[in-house]
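Bear in mind that the values in this text are calculations on the coordinates, not laboratory data. Everything quoted here is computed from the prediction, not taken from an experiment. Note: ideal-geometry Cβ built from the backbone for every residue, glycine included; neighbour counts use all protein chains shown.
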Amino acid sequence: MPDKPIAIASDHAGYELKQLLGEELERLGYQVLDLGTDGAGSVDYPDYGYKLAEAVSEGRSDRGVVVCGTGIGISMAANRVPKVRAALCHDVTSTRLARLHNDANVLALGARLIGREVAKDCLKAFLETAFEGGRHEKRVAKLG
């Protein structure tokens with residue numbers, strides 16, 4: 001279990017899934033740093049992608065989860081911040097490989113594209129899978 005909380009953030013389209021994932025993190029024993037949004041009212045996804053990415057980049061959290069309707073926009077925003085490797089995942093396999101090969105430190109999910117149980121399975125894989133290192137280290141270093 002990490003010493004630092006897992007950061008989570010979403011726009012309005014991802015709000016319900018963010019809430020579910022925050023509850024799942026707490027159920028699993030993790031501390032949660034919820035960076036918003038705080039409701040289903042319309043907001044701009046880049047604001048929340050940046051906010052979460054800055055928390056990871058600054059070391060307030062080692063890992064984070066971002067959610068918007070598709071996961072595309074919020075992952076693009078997060079990846080603009082140094083030290084952040086946000087991976088848009090749609091299933092357990094893509095999540096596991098994002099950790100194993102790319103050392104992803106932010107999981108991006110699309111609330112309109114995946115179901116609640118798949119999202120929870122992705123979260124679990126994201127938390128439990130370690131970076132493989134080895135031949136992947138030099139490639140990840142080039143990201144950054």
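Relative contact order of segment 6-141: what whole-number percent is it, with Cα pairs under 8 angstrom and at least 6 residues apart?
For segment 6-141, the relative contact order is 24 percent.
Can you match Cα extents along the principal axes in Å to one of these, (1) 49, 31, 29; (2) 69, 32, 25; (3) 44, 29, 28, based on a calculation from the structure here?
From the options (1) 49, 31, 29; (2) 69, 32, 25; (3) 44, 29, 28, the structure gives (3).
In terms of Cα to Cα distance under 15 Å, which aspartates and glutamates are near enough to LYS138, apart from those fewer than 8 places away along the same chain?
Qualifying aspartates and glutamates at Cα under 15 Å: ASP103.
Quick query: amide H of LEU33 versus all other amide H atoms, modeled in the peptide plane; which residues come in under 5 Å with a sequence gap of 5 or more or a different chain?
Here the answer is ILE6, ALA7, ILE8, since their amide H atoms fall under 5 Å of that of LEU33.
Would you calculate, for the chain, the mean residue ellipticity at 222 nm contributed by helices, counting each DSSP H stretch of 4 or more residues as -39,500 (n - 2.57) and dividing by all residues, to the nearest 500?
Values: 6 runs with 62 residues, N = 144.
-13000 deg cm²/dmol, from helical runs alone.
For a test of the definition: using alpha carbon positions, the gyration tensor, and the 1.5 limit on a/c, classify segment 1-57 as rounded, prolate or oblate.
oblate
Starting from the Cα of ALA40, step 7 Å along the direction of its Cβ; do the same at ASP3; then give the gap between the two resulting points in nm.
With each label placed 7 Å out from Cα toward Cβ, I get 4.1 nm.
To make sure I understand the rule: partners must be aspartates and glutamates, Cα under 14 Å from the Cα of LYS120, and not fewer than 8 residues away in the same chain. Which ones qualify?
Within the straight-line cut-off, LYS120 pairs with GLU16, GLU23, GLU24, GLU26, ASP91, GLU128.
Ordered by residue, what ³J(HN,Hα) values in Hz, to whole numbers, does segment 76-83 give under the Karplus form 6.51 cos²θ - 1.76 cosθ + 1.60, where θ = phi - 60° and Gly and Pro are x?
For segment 76-83, the Karplus-derived couplings read 4, 4, 4, 6, 7, 9, x, 6 Hz, x marking Gly and Pro.
Please list 3J(HN,Hα) in residue order for segment 127-144, calculated via the Karplus relation 6.51 cos²θ - 1.76 cosθ + 1.60 where θ = phi - 60°; whole Hz, with x for glycine and proline.
Residue by residue, segment 127-144 yields 6, 8, 8, 8, 5, 6, x, x, 4, 7, 4, 5, 6, 5, 4, 5, 6, x Hz.
Mind checking the dipole of segment 1-117: about its Cα centre, +1 per Lys or Arg Cβ, -1 per Asp or Glu Cβ, Debye to the nearest 20?
Details: 13 positive and 16 negative charges, 77 e Å.
So the magnitude is around 360 debye.
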